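Here is the structure we will look at, set down as structure tokens.
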Amino acid sequence: MKSTLSIAEHVALSQNRWLTALLAQFSDRQGARYVELLNRLGMPRDSLSRTLDAAVANGWLARNAGYGHPLRPEYVITDEGQRMAQGAHAIRSAQENLGLKPSSLTRWGMPLIHVVWSGEERFGQIASALKTVTPRALSQGLQVLESNKLLSRAIVDGRPPFSRYKLTSNGLLLAEAA
């Protein structure tokens, strides 16, 4: 199954801790009110405000120009946001099916899974595919994925020795979700 989100879109989606959860809420609806999102997601107000601002800045959500009536939503989803929301919903569903908490992935978790799934196996190749990741963040992200049994690491005996990363069956399920 081909992923519907590109590596750049996975990186953009993972820039904010709550962005995937927020967009997943919009996967089956056209709009929502601030208080409704606050109650559904169970997150702090300032985090919701920052996440909504990030979604608006990315062009995935827009403030409703007709807001003012209590039944009208404050935020509506754009066409591009609808596509991203479907991907976010698929990611959230796959995480729930695998028994992973939303906080079990680092900021670079889904981009790393997507890059390894696309065929990059070595640390340098993965770093090249994710141009903005620091070596420390990349190393920590790979360790978290390995500890969650989404990624396996094999050390190849060569000159010099190197590590090769592969997705586990659970990692493949998560990669194919979005």
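For segment 51-66, take each phi angle, set θ = phi - 60°, evaluate the Karplus expression 6.51 cos²θ - 1.76 cosθ + 1.60, and give the result in whole Hz per residue in order, putting x for glycine and proline.
5, 4, 4, 5, 5, 5, 4, 7, x, 8, 10, 9, 6, 6, 5, x
Using modelled amide H (1.01 Å from N, peptide plane; none on Pro or chain starts), what sits under 5 Å from the amide H of Phe162, excluding residues fewer than 5 places away?
Val156
For Glu74, what residues show an amide H to amide H distance below 5 Å, using hydrogens built from the backbone and excluding near sequence neighbours?
Those lying under 5 Å, H to H, from Glu74 are Ala32, Arg33, Tyr34.
Between Ser152 and Ser118, what is 0.36 nm times their sequence separation minus the Cα-Cα distance? Round to one decimal in nm.
Working: separation 34, 0.36 × 34 = 12.24 nm, distance 1.53 nm.
Difference between extended and current length: 10.7 nm.
Please compute the per residue accessible area over the chain with all protein chains in place, 1.4 Å probe, rounded to a whole number of Å². Could you put the intermediate results ahead of the total?
Working: 9620 Å² over 178 residues.
Roughly 54 Å² per residue, with all protein chains present.
Under 5 Å between amide hydrogens, which residues at least 5 positions from Leu61 or on another chain qualify, with H placed 1.01 Å from N in the peptide plane?
When sequence neighbours closer than 5 places are left aside, the close amide H contacts are Val56, Thr78.
What FRET efficiency, computed as 1/(1 + (r/R0)^6) with R0 = 45 Å and r the Cβ-Cβ distance, is obtained for Ser6 and Arg72, rounded to the nearest 0.05? Let's see the in-between values first.
On the way: r = 33 Å, r/R0 = 0.74.
That gives a FRET efficiency of 0.85.
With the full set of protein chains in place, find how many percent of the accessible area of the chain is carbon and sulfur; take the probe as 1.4 Å.
Values: 4880 of 9620 Å².
Within the chain, the accessible surface is 51 percent carbon and sulfur.
Each residue of segment 12-23 in turn: what ³J(HN,Hα) in whole Hz from Karplus with 6.51, -1.76, 1.60 and θ = phi - 60°, glycine and Pro shown as x?
Computed from phi, the couplings for segment 12-23 are 4, 5, 8, 5, 10, 4, 9, 5, 5, 5, 5, 5 Hz.
Excluding Ala21 itself, what net charge comes from residues whose Cβ is under 10 Å from its Cβ, given Lys and Arg +1 and Asp and Glu -1? Working shown, then result.
Values: positive: Arg17, Arg40, Arg92; negative: none.
With Lys, Arg at +1 and Asp, Glu at -1, the net is +3.
The values are calculated or read from the model by the stated rules, or taken from the named source; none is laboratory data. Predicted model only: the values in this text are computed from it and were never measured. Here Cβ is always computed from backbone atoms with ideal geometry, including for glycine, and neighbour counts include all displayed protein chains. Each accessible area value is taken on the protein alone, full model and side chains, heavy atoms only, with ligands, DNA and RNA left out. Shrake-Rupley method; radii C 1.70, N 1.55, O 1.52, S 1.80 Å.
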